[in-house]
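A.B. asks: Sending over a structure as structure tokens; questions will come in a sec.
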Amino acid sequence: MKFWSILKLSWKNVWRNPTRSGVVILAVVLGTWAGIFSTGLMNGLSMQYITNQLETSVSHLQIHHPKYSEEYLPKYYLPNPDSLVKELTSYDFTQSVTARSVIQGLATSATNTFGVTVKGIDTETDSTVSNVHTYLAEGEYLSQSARNPVLIGDDLAKRLKLEVRSRLVINFQDVEGNITAGAFRVTGIFDTPNSAFDESTVFVNREDLNRLLGRKNTVHEIAIMVDNFKNADQYRDSLAHATNLEIRSWGDVSPSLRYTDSNVDFMLYIFMTIIAIALVFGIINTMLMAVLERTQELGMLMAIGVNRIRTFSMVMLETFFLTMVGVPVGMLLSWLTILWVGEVGIDLSAFAQGLEEYGMSTMIYPELPEGYFINIGLLMVVATLLAAIYPAIKALRLNPVQAIRKV
Amino acid sequence: MSIIKVRDIKKVYNKDQVPVHALNGVDLDINEGEFTAIVGPSGSGKTTLLNVIGGLDEPTEGKVYIHDTDMFSLKERELIDFRLHHIGFVFQAYNLIPVLTAKENIAFILQMQGRPQKECNQRSMELLKMVGLEDKIDKRPSELSGGQQQRVAVARALSSKPDFVLADEPTANLDSASTANLLDMMLRLNEEENITFIFSTHDQRVVDRARRIVTLVDGRVDSDEERISNNEQVPNSRKN
Ligand SMILES: Nc1ncnc2c1ncn2[C@@H]1O[C@H](COP(=O)(O)OP(=O)(O)OP(=O)(O)O)[C@@H](O)[C@H]1O
Ligand SMILES: [Mg+2]
């Protein structure tokens, strides 16, 4: 009853100066909106960067011979790859599985030489794990018709002065450890957002590579996409029990990607906190004005017997109401904005030409998991309540006698 | 029976710098049903005395008893509660909460006293009727004249059925017609409901209608006289 009366009075007090309250609410709305939206943007950028890397090159899980990643020698191939692939495909959490033979080689063109990773792929299954085929800039994907076709990145093409239909010789070791070489013909040139990848990776048909390796059905690497890349470590652990092969999650393969992923959270909350702090100062300022301009009234209330806890609660509640109007509106707006911009994207190419060098796309699609909305909403509520404390303490410290005398 | 006993009250402001002796040993007894005006020149200590009696301002020395409660022996929280339940206040201005209607202003303080909602509604209607504002229940203070606002303030002050009502210059901001109206009403409440009023004033027309007049000079009681009717003045035994 008493609390309810204070609550009602606070609500009415909020609207005694609609302009000021409107400005505060607007600030809370904008703060929440800007905070969440830019967080979504930053998160989208990071997620895009990570998923791009995973989808073009790293994949979610990689299986190798236990010694393979120490020396990358062709002799460390996987035993019984067919049954392994079959088994992996049968799990619920795997979305796509592909087998590759992978070797390190020296690519030589008519003009130049460059060290490359050669991936022998089964085009049908590989295109479900890697999206390189979607980045085809010239020519076509590995065609079965041509003899020894090779797919190269645009950066390698530049370096070795290659074009579609150019010839490329690759030197490498076979499974026995003997030096061998193969002549390939460029059928397509891809251009992913990751220049380092485009420069150092070439794709050939696995059969072609295996023929040169001197062993049929050689598989060095099984690459797997799972339902959610965030769970890769967990899936790795559940698979590890069943085999003595080396299973690595994308985070194991690329620690820098894992670092990026785990730091996104931290960065976002730092960022949000900065916005929240700005908001806090705005609110302290306005609420302080709201308290100081009714010194007499508050003094009168305390004089006639409204105790300090109630006076304090009243001012706190006034801020709380402003927040409770502002935060949900800001959250809704930002949710809609993220939904919409998440569809159409933001084109940063005009002022971010360097992005591609770092494996980033110049189109950004903001995205934010629901958890962030809740947390950021809570952060805003906590921030504004913290901001309310100082003015409320000011109110409760008023000396009624002094307050009333100031007529 | 005296409900207020003021005993040798001294109040010094600015003790550390240039001390101001606002009250220099005031003794005063107020009986139930009295209608007392505190008068005196500006700066004589009227407001200070009322604030001390109302438990708003702690005296430097001396004691105030309300019935048998030594008011300044109470803890701050208890004192606020004591004011809420035992003392009615009417100030010169800023009596009402601007965002609440006349009725809500009265009901609010009843709610603070912890009365049930139904009683709050009934009693605030009753009180507004008592001060002749039953047609203004849903008006905000800004929609009321100064005199009407002060009537609401009196009604609010009466809400807790207080031991007495303190009013520091309640008519200072009113024109003469409103002043007369408010005085009529206060006198009627005093006579019909036996409500004890203690008020300060500079207005001779208000002084003329008081039943007891306490004059302060330099923080001391200079004279204390009682009247039998509104016009007759009799010397009082308590005169200093
Ligand atoms: N907070 C304060 N600090 C310092 N001095 C004060 C304070 N309050 C009052 N005084 C001083 O105490 C004395 C008594 O003041 P008080 O307000 O009680 O007089 P008053 O009789 O009510 O005067 P008025 O008729 O002008 O209202 C004055 O000299 C005043 O300046
Ligand atoms: Mg005064």
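A.B. asks: Please give me the summed charge of the neighbours of A:THR218: other residues whose Cβ is under 14 Å from its Cβ, Lys and Arg +1, Asp and Glu -1.
C.D. replies: 0
A.B. asks: Under 19 Å from a point placed 7 Å out from the Cα of A:ASN399 along the Cα-to-Cβ direction: which residues of the stretch B:37-66 have their backbone N that close?
C.D. replies: Those under the cut-off are B:43-62.
A.B. asks: In addition: Scanning chain B for trypsin sites (Lys or Arg not before Pro) in DSSP loops with at most 11 other Cβ atoms within 10 Å, what's the longest stretch left with none?
C.D. replies: B:76-240
A.B. asks: Let me ask something else about it. Express in whole angstrom the spacing between the alpha-carbon centres of the stretch A:29-60 and the stretch A:250-305.
C.D. replies: 23
A.B. asks: Compute the long axis of helix B:146-158 from its Cα atoms, compare it with the longest principal axis of the Cα atoms of chain B, and write down the angle in degrees, 0 to 90, nearest 10.
C.D. replies: So the inclination is approximately 80 degrees.
A.B. asks: So how much accessible surface do A and B hide from each other in total, probe 1.4 Å, in square angstrom to the nearest 100?
C.D. replies: For A against B, buried area totals roughly 2600 Å².
A.B. asks: Just to confirm, what accessible area per residue do you get for the stretch B:2-239 at 1.4 Å probe, in whole Å²?
C.D. replies: Dividing the accessible area of the stretch B:2-239 by its residue count gives 43 Å².
A.B. asks: Please identify every one of the trypsin sites (Lys or Arg not before Pro) in the stretch A:153-192 that sits in a loop by DSSP and has no more than 15 other beta carbons within 10 Å of its own beta carbon.
C.D. replies: Those satisfying the criteria are A:LYS161, A:ARG165.
A.B. asks: Which residue, A:HIS241, A:HIS64, A:HIS220, tops the fluctuation ranking in a GNM of chain A built on C-alpha contacts under 10 Å?
C.D. replies: The residue that fluctuates most here is A:HIS241.
A.B. asks: Follow-up question, since we're still on this one. Restrict the search to the stretch A:1-82; then list the trypsin sites (Lys or Arg not before Pro) that DSSP places in a loop and that have at most 16 other Cβ atoms within 10 Å of their Cβ.
C.D. replies: A:ARG16, A:LYS67
A.B. asks: At a 1.4 Å probe radius, which order do A:TRP15, A:TRP250, A:TRP4 fall into by accessible area, largest first?
C.D. replies: Largest accessible area first, the residues go A:TRP4, A:TRP15, A:TRP250.
A.B. asks: Looking at chain A, do any whole DSSP H helices span at least 30 angstrom along their long axis by alpha carbon and average 1.0 or above on Kyte-Doolittle, and which?
C.D. replies: Correct list, ordered by number: A:255-292, A:308-344, A:370-397.
A.B. asks: Just to confirm, what accessible area per residue do you get for the stretch A:1-160 at 1.4 Å probe, in whole Å²?
C.D. replies: The answer is 44 Å² per residue.
A.B. asks: Taking the Cβ-Cβ separation of A:THR111 and A:ALA146 as r and a Förster radius of 30 Å, what is the calculated FRET efficiency to the nearest 0.05?
C.D. replies: The pair A:THR111/A:ALA146 has a calculated efficiency of 0.85.
A.B. asks: Sticking with this structure for a sec: Between the stretch B:19-86 and the stretch B:131-154, how far is it from one alpha carbon centroid to the other, in angstrom?
C.D. replies: 28
A.B. asks: Ok, one more. For the protein assembly as shown, list log₁₀ I(q)/I(0) at each q in 0.06, 0.07, 0.08, 0.09 Å⁻¹, using the Debye formula over Cα point scatterers of equal strength and ignoring solvent, two decimals each.
C.D. replies: -0.57, -0.63, -0.70, -0.80
A.B. asks: Among the residues of the stretch A:371-407, which ones have their accessible area go down by 50 Å² or more when all the protein chains sit together, as opposed to their chain alone (1.4 Å probe)?
C.D. replies: Flagged in the stretch A:371-407: A:VAL401, A:ARG405, A:VAL407.
A.B. asks: OK, next. What does the charge count around A:ASN17 come to, taking other residues whose C-beta lies under 12 Å from its C-beta (Lys +1, Arg +1, Asp -1, Glu -1)?
C.D. replies: Counting the neighbours of A:ASN17, the net charge comes to +2.
A.B. asks: Here are some pairs, A:LYS2/B:LYS11; A:LYS394/B:LYS5; A:LYS394/B:LYS11; which of them have Cα atoms lying more than 30 Å apart in this structure?
C.D. replies: Long pairs (Cα-Cα over 30 Å): A:LYS2/B:LYS11; A:LYS394/B:LYS5.
A.B. asks: Here's another thing I want to ask about it. Computed FRET efficiency, Cβ-Cβ of A:MET324 and A:ARG16, R0 22 Å: what is it to the nearest 0.05?
C.D. replies: The pair A:MET324/A:ARG16 has a calculated efficiency of 0.80.
A.B. asks: Further question: If you stretched the chain out fully between A:TRP4 and A:LYS230, how much longer would it get, using 0.36 nm times the residue separation minus the C-alpha to C-alpha distance?
C.D. replies: Between A:TRP4 and A:LYS230, full extension yields an extra 76.7 nm.
A.B. asks: A follow-up question, please. Relative to the longest principal Cα axis of chain B, at what angle does helix B:176-193 sit, 0 to 90 degrees, rounded to 10?
C.D. replies: For B:176-193 against chain B, the angle is about 90 degrees.
A.B. asks: Anything losing 50 Å² or more of accessible area from the isolated chain to the full protein assembly: pick those residues out of the stretch B:27-74, probe 1.4 Å, ligands and DNA/RNA ignored.
C.D. replies: B:LEU56
A.B. asks: Out of the total accessible area of the stretch A:66-244 (probe 1.4 Å, heavy atoms of protein only), what percent is carbon and sulfur?
C.D. replies: Looking at the stretch A:66-244 in its full context, I get 45 percent from C and S.
A.B. asks: Can you give the calculated 222 nm mean residue ellipticity of chain B, where each DSSP H run of n ≥ 4 adds -39,500 (n - 2.57) and the sum is split over every residue, rounded to the nearest 500 deg cm²/dmol?
C.D. replies: Mean residue ellipticity at 222 nm (helix-derived): -10000 deg cm²/dmol.
A.B. asks: For the stretch A:274-305, list whatever residues lose no less than 40 Å² of accessible surface once every protein chain is in place, relative to that chain by itself, with the probe at 1.4 Å.
C.D. replies: A:GLN296, A:GLU297, A:MET300, A:ALA303, A:ILE304, A:GLY305
A.B. asks: Under a Cβ-Cβ cut-off of 10 Å, what is the net charge of the residues other than B:GLU34 that fall near it, where Lys and Arg count +1 and Asp and Glu count -1?
C.D. replies: That sum, taken over residues with Cβ under 10 Å, equals -1.
A.B. asks: At most 15 other C-beta atoms within 10 Å and a DSSP loop state: those are the exposed GluC sites (Glu not before Pro) I care about. Give me the longest piece of chain A that has none.
C.D. replies: With a cap of 15 other Cβ atoms within 10 Å, the longest stretch comes to A:1-139.
A.B. asks: A further question follows. Note down the accessible area of A:TYR390, probe 1.4 Å, to the nearest 10 Å².
C.D. replies: Counting only protein heavy atoms, the figure is 110 Å².
The values are calculated or read from the model by the stated rules, or taken from the named source; none is laboratory data. Small disclaimer: the values here were computed from a predicted structure and weren't measured. Cβ coordinates were reconstructed from backbone atoms using ideal geometry, including for glycine residues, and neighbour counts include every protein chain displayed. For accessibility, only protein heavy atoms count, side chains too; no ligands or nucleic acids. Shrake-Rupley method; radii C 1.70, N 1.55, O 1.52, S 1.80 Å.
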